[in-house]
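Undergrad: Okay, handing you the structure first.
The values are calculated or read from the model by the stated rules, or taken from the named source; none is laboratory data. Predicted model, so just to flag it, every value in this text is computed and none were measured. When we count neighbours, we look across all protein chains shown, and the Cβ atoms used for this are built from the backbone with ideal geometry, even at glycine.
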Amino acid sequence: MLKTRIIPCLDVIKNKVVKGVNFKNIKVMGNAVEMARYYSLSGADELCMLDINASYQNRKTFIKTVEAIAKVINIPLTVGGGVSGLDDITDLLNAGADKVSINSAAVKNPKLIRQASLKHGSQCIVVAIDGKRHENRMKVVVKGGREITKKELIVWAKQVQSLGAGEILMTSMDTDGVQNGFDSSMLKKVTSNVSIPVIASGGVGNLEHFYLGHLTKSTGLLAASVFHSGKYKIKSVKKYLKNKGVPVRL
Amino acid sequence: MKKKVIGLIDGQSGNIGSINKAIKEIIKGRPYQLKIIRGEFDYSLFNKIILPGQGAYATLISNLKKLKIYKPLKIYLENNCSYLGICVGMQILSDQGYEERTTKGLGIIAGEIKKFKSKKLIIPHMGWNSIRLKKEDSIITNNLDNKDFYFVHSYIFQNINKSNVLANTHYGKKFPSIIKKGNIYGVQFHPEKSHKYGLNLIKNYILK
């Protein structure tokens with residue numbers, strides 16, 4: 001039976017994992033390579049790392065960090081943040097990423113999804129979608145939720161699938177960072193409209209939130225703070241889910 | 001003592017970093033050496049060959065042909081020399097694949113590569129799933145039965161002779177996840193990304 005994936009997410013600047021709400025009050029949580037090694041050993045099913053400050057200067061260090069992490073883990077690694085074109089994708093795959101996640105570059109230029117999946121295979125192209133409610137509609141947003149695009153969330157989700165995305169990393173900007181749980185209604189809307197895997201992101205604060213995330217038919221559950229702060233160990237989340245009847249890898 | 005030579009084929013189908021790293025860890029301090037195969041090669045120099053693959057069947061076959069790896073590899077396999085194909089590296093052992101376009105395979109293990117059919121399934125089959133062992137073998141020992149391995153694929157090996165199946169996995173339906181014919185092995189999952197049990201399998205393959 002296919003297991004529900006528990007995915008810690010590392011928001012990275014250069015080689016440090018950071019936490020900040022809406023890019024303010026950024027706090028260093030630890031060394032990215034050390035944290036990645038720890039999560040791989042302690043039962044993470046996959047690892048996600050995002051360059052949250054992909055400036056030209058920081059990029060080189062970030063790529064080196066991807067290389068270093070790929071060397072110390074033996075679970076799949078998804079890397080995103082600051083991916084603007086095909087060259088960035090190739091660079092990250094060469095650095096050791098198994099999957100690359102594209103966000104605003106895909107919104108700007110949807111053809112990039114098609115080009116990337118033809119070049120590298122759908123299985124390594126993840127499209128990250130940030131969604132937000134606006135005037136009673138679910139819209140696609142960019143720039144950390146600050147810019148609302150014209151795209152309807154569900155239309156876009158279907159489109160990225162048809163363009164060849166292998167997976168959707170779905171973050172609700174309405175619930176991200178506040179630890180009140182995943183955005184179940186938004187996630188359900190997405191999972192019921194696509195047939196590719198969806199990773200739920202944004203809002204986990206307690207164990208029950210993971211279970212509710214599973215009920216949305218998302219096959220991957222992504223979390224950051226609850227793991228980085230030490231509130232939960234990956235194993236304890238999985239044991240909890242197993243007791244609830246959710247298939248997990250223990 | 002003469003070192004045994006492990007060949008790792010870079011078919012430009014996904015990155016070979018993880019498998020490269022896994023093999024190096026395993027052979028460290030042991031009488032083995034690793035050679036990366038990137039073009040035409042003398043198959044008589046290799047004791048074992050590993051081919052990891054991601055992406056499409058048609059792409060991998062055409063890459064191997066372009067790189068002049070296809071012919072020596074086919075002769076190597078026709079002589080029942082030791083091989084481990086991972087994911088698409090396993091699939092191309094079949095007679096034919098239907099991903100992107102109909103493509104003739106290496107024709108080593110009878111069967112065809114077809115897409116998962118059910119409309120209800122989330123495709124690709126992506127994530128950790130367990131294997132059910134049918135026959136114990138040197139690469140897949142009893143302690144790996146029912147363990148989880150990492151899968152990413154939309155196509156499966158079909159119409160295979162049952163005697164070539166070492167393990168099955170269930171996703172919508174049962175499909176072969178480890179196959180074998182003589183000294184030739186194929187695994188549908190990615191052992192190099194499957195944590196300790198994956199490494200265990202690669203180690204079994206290399207050392208036994």
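Undergrad: Test A:Leu2 against the criterion of being of a type in the set (A, V, I, L, M), within 14 Å of chain B (Cβ to nearest Cβ) and without any contact (Cβ under 8 Å) to a residue 60 or more places away in the chain, and give yes or no. Before the answer, list the steps.
TA: Numbers: of a type in the set (A, V, I, L, M): yes; within 14 Å of chain B (Cβ to nearest Cβ): yes; without any contact (Cβ under 8 Å) to a residue 60 or more places away in the chain: no.
Against the criterion (of a type in the set (A, V, I, L, M), within 14 Å of chain B (Cβ to nearest Cβ) and without any contact (Cβ under 8 Å) to a residue 60 or more places away in the chain), A:Leu2 does not qualify.
Undergrad: Still on this structure, please answer the following. Mind checking which residues of region A:212-239 are of a type in the set (Lys, Arg) and over 24 Å from A:Glu167 (Cβ atoms)? Break it down stepwise before answering.
TA: First, the residues of region A:212-239 that are of a type in the set (Lys, Arg): A:217, A:231, A:233, A:235, A:238-239.
Residues satisfying the conditions are A:Lys231, A:Lys233, A:Lys235, A:Lys239.
Undergrad: Here's a check for you: in region B:178-192, which residue that is surrounded by fewer than 24 Cβ atoms within 10 Å (Cβ to Cβ) and either of a type in the set (S, T, N, Q) or free of Cβ contacts under 8 Å to residues at least 60 places away in the same chain (or both) is farthest from B:Leu133 (Cα to Cα)?
TA: Among them, the one singled out is B:Asn183.
Undergrad: In region B:160-179, how many are at pLDDT 95 or above, more than 10 Å from every other protein chain (Cβ to nearest Cβ) and in a strand (DSSP E or B)?
TA: 10
Undergrad: So, of the residues in region B:133-159 that are away from every other protein chain (no Cβ under 11 Å) and closer than 22 Å to A:Leu250 by Cα, which turns out to be surrounded by the most Cβ atoms within 10 Å (Cβ to Cβ)?
TA: B:Ile140
Undergrad: Which of the following residues is among the hydrophobic types (A, V, I, L, M, F, W, C) and in a loop (DSSP other than H, G, I, E, B): A:Val204, A:Val226, A:Val141, A:Val190? If you could, list the steps in order and put the result at the bottom.
TA: Details: A:Val226 fails: in a loop (DSSP other than H, G, I, E, B); A:Val141 fails: in a loop (DSSP other than H, G, I, E, B); A:Val190 fails: in a loop (DSSP other than H, G, I, E, B).
Exactly one residue qualifies, and that residue is A:Val204.
Undergrad: Still on this structure, please answer the following. Evaluate region B:68-81: report whether one residue or more is within 14 Å of another protein chain (Cβ to nearest Cβ), touching a residue at least 24 places away in the same chain (Cβ under 8 Å) and not in a helix (DSSP H, G or I). Spell out how you get there, then give the answer.
TA: Step one: filter region B:68-81 for residues within 14 Å of another protein chain (Cβ to nearest Cβ), giving none.
Checking region B:68-81: not a single residue is within 14 Å of another protein chain (Cβ to nearest Cβ), touching a residue at least 24 places away in the same chain (Cβ under 8 Å) and not in a helix (DSSP H, G or I).
Undergrad: Exactly one condition in (1) more than 14 Å from chain B (Cβ to nearest Cβ); (2) at pLDDT below 95 is false for A:Pro8; which is it?
TA: In the conditions (1) more than 14 Å from chain B (Cβ to nearest Cβ); (2) at pLDDT below 95, A:Pro8 misses (2) alone.
Undergrad: List, please: which pairs have Cβ atoms under 6 Å, are six or more places apart or on different chains, and start with a residue in region B:20-47 that is touching a residue at least 12 places away in the same chain (Cβ under 8 Å) and end with one that is in a loop (DSSP other than H, G, I, E, B) and loosely packed, with under 11 Cβ neighbours inside 10 Å?
TA: If the second residue must be in a loop (DSSP other than H, G, I, E, B) and loosely packed, with under 11 Cβ neighbours inside 10 Å, the pairs left are B:Pro31/B:Met1.
Undergrad: Kindly establish whether A:Asn58 is of a type in the set (S, T, N, Q) and modelled with pLDDT under 95.
TA: Details: of a type in the set (S, T, N, Q): yes; modelled with pLDDT under 95: yes.
In short, yes.
Undergrad: Then there is this: Filter region A:196-240 for residues that are closer than 24 Å to A:Arg37 by Cα, more than 11 Å from chain B (Cβ to nearest Cβ) and β-branched (Val, Ile, Thr) and give the result.
TA: Scanning region A:196-240 gives A:Val204, A:Val226, A:Ile234, A:Val237.
Undergrad: Identify, please: which residue in region B:180-194 is within 14 Å of another protein chain (Cβ to nearest Cβ) and in a loop (DSSP other than H, G, I, E, B) and is, among those, farthest from the chain's Cα centre (by Cα)? Explain how you work it out, then say what you get.
TA: Pass one, region B:180-194, residues within 14 Å of another protein chain (Cβ to nearest Cβ): B:188-194.
Of the ones still in play, those that are also in a loop (DSSP other than H, G, I, E, B) are B:188-190, B:194.
Numbers: B:Gln188: 6, B:Phe189: 8, B:His190: 8, B:Ser194: 14 Å.
Residue satisfying both the conditions and the ranking: B:Ser194.
Undergrad: Is region A:147-160 home to any residue that is assigned to a strand (DSSP E or B), in contact with a His (Cβ under 8 Å, 6 or more places away or on another chain) and either within 24 Å of B:Gly127 (Cα to Cα) or more than 14 Å from chain B (Cβ to nearest Cβ) (or both)?
TA: In the first step, residues of region A:147-160 are kept if they are assigned to a strand (DSSP E or B); the result is A:147-152.
Now restrict to residues that are in contact with a His (Cβ under 8 Å, 6 or more places away or on another chain): A:148.
From what's left, either within 24 Å of B:Gly127 (Cα to Cα) or more than 14 Å from chain B (Cβ to nearest Cβ) (or both): A:148.
Within region A:147-160 (the criterion being assigned to a strand (DSSP E or B), in contact with a His (Cβ under 8 Å, 6 or more places away or on another chain) and either within 24 Å of B:Gly127 (Cα to Cα) or more than 14 Å from chain B (Cβ to nearest Cβ) (or both)), the answer is yes, since at least one residue qualifies.
Undergrad: Here's something else I'd like to know. Quick check, is B:Ile49 modelled with pLDDT of 95 or more, over 19 Å from A:Thr90 (Cβ atoms), more than 14 Å from chain A (Cβ to nearest Cβ) and surrounded by 22 or more Cβ atoms within 10 Å (Cβ to Cβ)? Write out each step before concluding.
TA: Working: modelled with pLDDT of 95 or more: yes; over 19 Å from A:Thr90 (Cβ atoms): yes; more than 14 Å from chain A (Cβ to nearest Cβ): yes; surrounded by 22 or more Cβ atoms within 10 Å (Cβ to Cβ): yes.
Considered against the rule, which asks whether it is modelled with pLDDT of 95 or more, over 19 Å from A:Thr90 (Cβ atoms), more than 14 Å from chain A (Cβ to nearest Cβ) and surrounded by 22 or more Cβ atoms within 10 Å (Cβ to Cβ), B:Ile49 comes out as yes.
Undergrad: Here's a follow-up. Here is a list of conditions, (1) touching a Phe, Trp or Tyr at 6+ places or on another chain (Cβ under 9 Å); (2) within 14 Å of chain A (Cβ to nearest Cβ); (3) of a type outside the set (A, V, I, L, M, F, W, C); (4) surrounded by fewer than 20 Cβ atoms within 10 Å (Cβ to Cβ), and B:Glu99 meets all of them except one; can you say which number that is?
TA: (4)
Undergrad: I would also like to ask the following. Here is a list: A:Lys139, A:Lys119, A:Lys132, A:Lys143. Which entry is within 14 Å of chain B (Cβ to nearest Cβ) and in contact with a helix residue (DSSP H, G or I) (Cβ under 9 Å, 6 or more places away or on another chain)?
TA: On the way: A:Lys139 fails: within 14 Å of chain B (Cβ to nearest Cβ); A:Lys132 fails: within 14 Å of chain B (Cβ to nearest Cβ); A:Lys143 fails: within 14 Å of chain B (Cβ to nearest Cβ).
Matching residue, one of A:Lys139, A:Lys119, A:Lys132, A:Lys143: A:Lys119.
Undergrad: Still on this structure, please answer the following. A:Asn193 fails exactly one of the following numbered conditions: (1) within 14 Å of chain B (Cβ to nearest Cβ); (2) touching a Cys at 6+ places or on another chain (Cβ under 8 Å); (3) among the polar types (S, T, N, Q). What is the number of that condition?
TA: Only one criterion in (1) within 14 Å of chain B (Cβ to nearest Cβ); (2) touching a Cys at 6+ places or on another chain (Cβ under 8 Å); (3) among the polar types (S, T, N, Q) is unmet by A:Asn193, namely (2).
Undergrad: While we're looking at this one, here's another question. I'd like the full set of residues that are aliphatic (A, V, I, L, M), in a strand (DSSP E or B) and out of contact with any helix residue (DSSP H, G or I) (no Cβ under 7 Å at 6 or more places or on another chain), limited to region A:1-33. So that I can check it myself, show each step before the final result.
TA: Restricting attention to region A:1-33, the residues satisfying the condition of being aliphatic (A, V, I, L, M) are A:1-2, A:6-7, A:10, A:12-13, A:17-18, A:21, A:26, A:28-29, A:32-33.
Next, from what is left, pick out any that are in a strand (DSSP E or B): A:6-7, A:10, A:12-13, A:17-18, A:21, A:26, A:28-29.
The answer is A:Ile7, A:Val18, A:Val21, A:Ile26, A:Val28.
Undergrad: Output yes when any residue across region A:34-41 is touching a residue at least 40 places away in the same chain (Cβ under 8 Å) and not in a helix (DSSP H, G or I), and no when none is.
TA: No; the residues of region A:34-41 include none that is touching a residue at least 40 places away in the same chain (Cβ under 8 Å) and not in a helix (DSSP H, G or I).
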